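Participant: Next up is a structure, given as structure tokens.
Each value in this text was obtained by applying a stated rule to the coordinates, not by laboratory testing. If you're wondering where the values come from, they're calculated on a predicted model, not measured in any experiment. Note: ideal-geometry Cβ built from the backbone for every residue, glycine included; neighbour counts use all protein chains shown.
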Amino acid sequence: MGKRILVIDDSSTMRKIVSRSLRQAGLEFDEILEASDGQEALNLLENEKVDLILSDINMPNMDGIEFLRQKKELDAIKDIPVVMITTEGGADIIGEAKSLGAAGSVKKPFKPDTINEVLGDLI
Amino acid sequence: MDLQKNITDATTEIFETMIMVDIIAGDPITEKINNFKCSVSGVIGLAGSCKGMLAIHLPDKVAMSITGSFLGMDVTEVDDDVTDAIGELANMVAGNIKMILDEAGNNVTVSIPSCVHGEEYTMDTVSDSQRVVIPFNIDSGQFLVELQIKN
């Protein structure tokens, strides 16, 4: 199976823009899956295998921090790298995300080059 | 804290990096503007040590134009794509302002974006708040970014 990326964001606009930026960044992958919050992502990951996850932080239902917290406890998915894509670029929230296993972060707004720099070694 | 400069810089950065549309900031508007016709307003609530809201008010035509540039497609009506895009636009500006407020010693949380759209609507202001309204011009017209905060 080719490489797959999961994009988690409550904004359909942002999911489309992240997907487009991933393609423009020239990264090698075969499929992008989408979820609109952390809970929907956890449900999806029960049946789908992905190689990398990009997640917003501020989302309704289950936010990105709680998603990281729950994912960390699940053996089947705990090692999938997660990069946070967020408007909240403050040191506190990014530090919390990294302490829960996030592999990196991209602050919105971003350019495709930034996506490439952060994700290049992860996929 | 220069809120006028912060709003201008944050909004300009978003348009230059993600929407790819030339944008020119105007002088702050001092008169009260709270009635909007055939417009879309994206709103983010601010809570914590600074309370208030950040809103972006756009005529329908401008909102559709920005959404089209954002998503790379033709947009001919104010639909879910437009309200979501304008909410996300407000979210990005508010996220930037939150960071600046937090760096100045505040502890601010931001809400999930909400969006208002209609033929005519009025948005009441936060009482006793500091208010900054900046007009921005792009090819398809003018829109406003409004920040109201009080400690």
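Participant: Mind listing which trypsin sites (Lys or Arg not before Pro) in region A:33-116 are in a DSSP loop and have 15 or fewer other Cβ atoms within 10 Å?
Facilitator: On the way: sites: A:Lys49, A:Arg69, A:Lys71, A:Lys72, A:Lys78, A:Lys98, A:Lys107; in loops: A:Lys49, A:Lys72, A:Lys78.
The qualifying sites are A:Lys49, A:Lys72, A:Lys78.
Participant: Cross-link partners among aspartates and glutamates for A:Lys72, C-alpha distance below 15 Å, same-chain residues fewer than 8 apart left out?
Facilitator: Of all the aspartates and glutamates, those that pass the test against A:Lys72 - Cα under 15 Å, at least 8 places apart if same chain - are A:Glu46, A:Asp63, A:Glu96.
Participant: Efficiency by 1/(1 + (r/R0)^6): what FRET value for B:Asn34 and A:Ser19, r their Cβ-Cβ distance, R0 = 25 Å, to the nearest 0.05?
Facilitator: Working: r = 37 Å, r/R0 = 1.48.
Efficiency for this residue pair is about 0.10.
Participant: Can you compute the modelled spin-label distance between B:Thr76 and A:Lys49, with each label point 7 Å from Cα toward Cβ, in nm?
Facilitator: My value for the distance between the label points is 4.4 nm.
Participant: What 222 nm value per residue comes from the helices of chain A, counting each DSSP H run with n ≥ 4 as -39,500 (n - 2.57) and dividing by all residues, nearest 500 deg cm²/dmol?
Facilitator: Details: 5 runs with 46 residues, N = 123.
Rounded to the nearest 500, the figure is -10500 deg cm²/dmol.
Participant: On full extension of the chain, what length is gained from A:Ile123 through A:Ser99, given 0.36 nm per residue of separation minus the C-alpha to C-alpha distance?
Facilitator: Additional length available on full extension: 6.5 nm.
Participant: Given the Cα-Cα distance of B:Val116 and B:Ala104 and 0.36 nm per residue of separation, how much length would full extension add, in nm? Each step should come with its number before you reach the end.
Facilitator: On the way: separation 12, 0.36 × 12 = 4.32 nm, distance 3.07 nm.
The span from B:Val116 to B:Ala104 would gain 1.3 nm if fully extended.
Participant: Count charges around B:Gln130 for me, please; just the other residues with Cβ under 13 Å from its Cβ, Lys/Arg as +1, Asp/Glu as -1. Numbers along the way, then the final one.
Facilitator: Numbers: positive: B:Lys51, B:Arg131, B:Lys150; negative: B:Asp2, B:Asp128, B:Glu146.
Around B:Gln130, the charge tally is 0.
Participant: List the residues of region B:71-113 whose backbone N lies under 19 Å from a point placed 7 Å from the Cα of B:Lys51 along the Cα-to-Cβ direction.
Facilitator: Within reach of a label on B:Lys51, which here means backbone N under 19 Å from a point 7 Å along Cα→Cβ, region B:71-113 contributes B:98, B:101-102, B:106-112.
Participant: Looking at A:Thr87, A:Met62, A:Ala102, which one has the Cα that reaches farthest to the positive end of the dipole of chain A (charges on Cβ: Lys, Arg +1; Asp, Glu -1)?
Facilitator: So the residue furthest toward the plus end is A:Thr87.
Participant: Return one number: the angle in degrees, 0 to 90 and rounded to the nearest 10, between the long axis of the Cα atoms of helix B:60-71 and the longest principal axis of the Cα atoms of chain B.
Facilitator: Computed tilt is about 90 degrees.
Participant: Then there's this: Please report, in Å, the Rg and the Dmax of region B:1-112, where both are computed over Cα atoms only.
Facilitator: Answer for region B:1-112, Rg first and Dmax second: 14.4, 44 Å.
Participant: Compute the Rg/Rh shape ratio of the protein assembly as shown: radius of gyration over Kirkwood radius, all on alpha-carbon atoms. Numbers along the way, then the final one.
Facilitator: Working: Rg = 18.7 Å, Rh = 19.2 Å.
Using Cα coordinates only, the ratio equals 0.97.
Participant: Figure the gain on full extension for B:Asp9 and B:Val21 (residue separation times 0.36 nm, minus the Cα-Cα span) and round it to one decimal in nm. The partial results should precede the final answer.
Facilitator: Details: separation 12, 0.36 × 12 = 4.32 nm, distance 1.46 nm.
The span from B:Asp9 to B:Val21 would gain 2.9 nm if fully extended.
Participant: For chain B, what is the mean residue ellipticity at 222 nm derived from helices alone (per DSSP H run of n ≥ 4: -39500 (n - 2.57); sum divided by total residues; nearest 500 deg cm²/dmol)?
Facilitator: Details: 3 runs with 48 residues, N = 151.
Helix contribution divided over all residues of chain B: -10500 deg cm²/dmol.
Participant: Let me ask another. Report the residue, chosen from B:Gly87, B:Gly72, B:Gly52, that carries the largest GNM mean-square fluctuation when chain B is represented by alpha-carbon nodes joined by springs under 10 Å.
Facilitator: Of the options given, B:Gly72 has the highest mean-square fluctuation.
Participant: Return a whole-number percent for the relative contact order of region A:4-119, with Cα pairs under 8 Å and 6 or more residues apart as the contact set.
Facilitator: Numbers: 188 pairs, mean separation 30.8, N = 116.
For region A:4-119, the relative contact order is 27 percent.
Participant: As an exercise, take the mean of 1/r over every pair of distinct alpha carbons in chain A, invert it, and state the Kirkwood radius in angstroms.
Facilitator: Numbers: mean 1/r = 0.0709 Å⁻¹.
Final number for the Kirkwood radius of chain A is 14.1 Å.
Participant: Next question, about the same structure. Cross-link candidates for B:Lys5: which aspartates and glutamates have Cα within less than 14 Å, leaving aside residues fewer than 8 places away along the same chain?
Facilitator: Partners within reach: B:Glu13, B:Asp27, B:Glu146.
Participant: So for each of A:14-20, B:124-130, B:16-22 I average, over its residues, the number of other beta carbons within 10 Å; can you give me the resulting order with the highest mean first?
Facilitator: Details: A:14-20: 20.1, B:124-130: 11.3, B:16-22: 15.4.
Those peptides, ordered most packed to least, come out A:14-20, B:16-22, B:124-130.
Participant: Could you work out the relative contact order of region B:61-114, using alpha carbon pairs under 8 angstrom and six or more residues apart, expressed as a whole percent? Present the calculation step by step, with values, prior to reporting the outcome.
Facilitator: Numbers: 31 pairs, mean separation 15.0, N = 54.
It rounds to 28 percent for region B:61-114.
Participant: Could you give the Stokes-Einstein D for region A:1-51 in µm² per second, using the C-alpha Kirkwood radius, 4 °C, 1.567 mPa s? Don't jump to the answer; show the numbers that get you there.
Facilitator: On the way: Rh = 11.3 Å.
Translational diffusion coefficient: 115 µm²/s.
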